[in-house]
């Protein structure tokens, strides 16, 4: 159960966030204005979030999963840094801590995934 919990939570947060970004739901337009990004950035990042969610949930494709996990970490840490650079900390630094918390959730999901969902190390397999 513990193995699937971080991935389930991550998939929900990332997938719903991606749909919210793509459809420019409440708060998303204000966020890109504060950060100085163009509106179309939301659509692009939303599509990538939904595709990343699909990649981490579907069976097989370990290299695709590795890329999805890396992309999600880049997205979350980039969001925290972007908010910090423009001084948009939010109440109690919410806009910095929440994306960093999601990045930690991504790392937990990546580390706890079952062996059959991990990328095969071809060099190690050769010598074992």
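Bear in mind these aren't lab numbers, they're just calculated from the coordinates by the rules spelled out. This is a predicted model, so every value here is computed, not measured. Neighbour counts are summed over all protein chains in view; Cβ atoms, including those assigned to glycine, are modelled from backbone coordinates with ideal geometry.
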Among (1) 108, 29, 22; (2) 53, 29, 28; (3) 71, 37, 23, the entry matching Cα extents along the principal axes in Å as calculated here is (2)
Length added when fully stretched, residue 93-residue 58, from 0.36 nm per residue minus Cα-Cα: 9.2 nm
Can you sort 41, 102 so the residue with the fewest Cβ neighbours within 10 Å comes first? 41, 102
Efficiency of FRET between residue 44 and residue 9 - r from beta-carbon atoms, R0 30 angstrom, step 0.05: 0.80
Estimated 222 nm signal from helices in the chain, with DSSP H stretches of n ≥ 4 weighted -39500 (n - 2.57), rounded to 500: -24000 deg cm²/dmol
So for R0 = 30 Å, FRET eff. of residue 29-residue 77 from the Cβ-Cβ r, to 0.05, ends up at 0.85
Cβ crowding within 10 Å averaged over residues, with 11-18, 91-98, 33-40 ranked highest first: 11-18, 91-98, 33-40
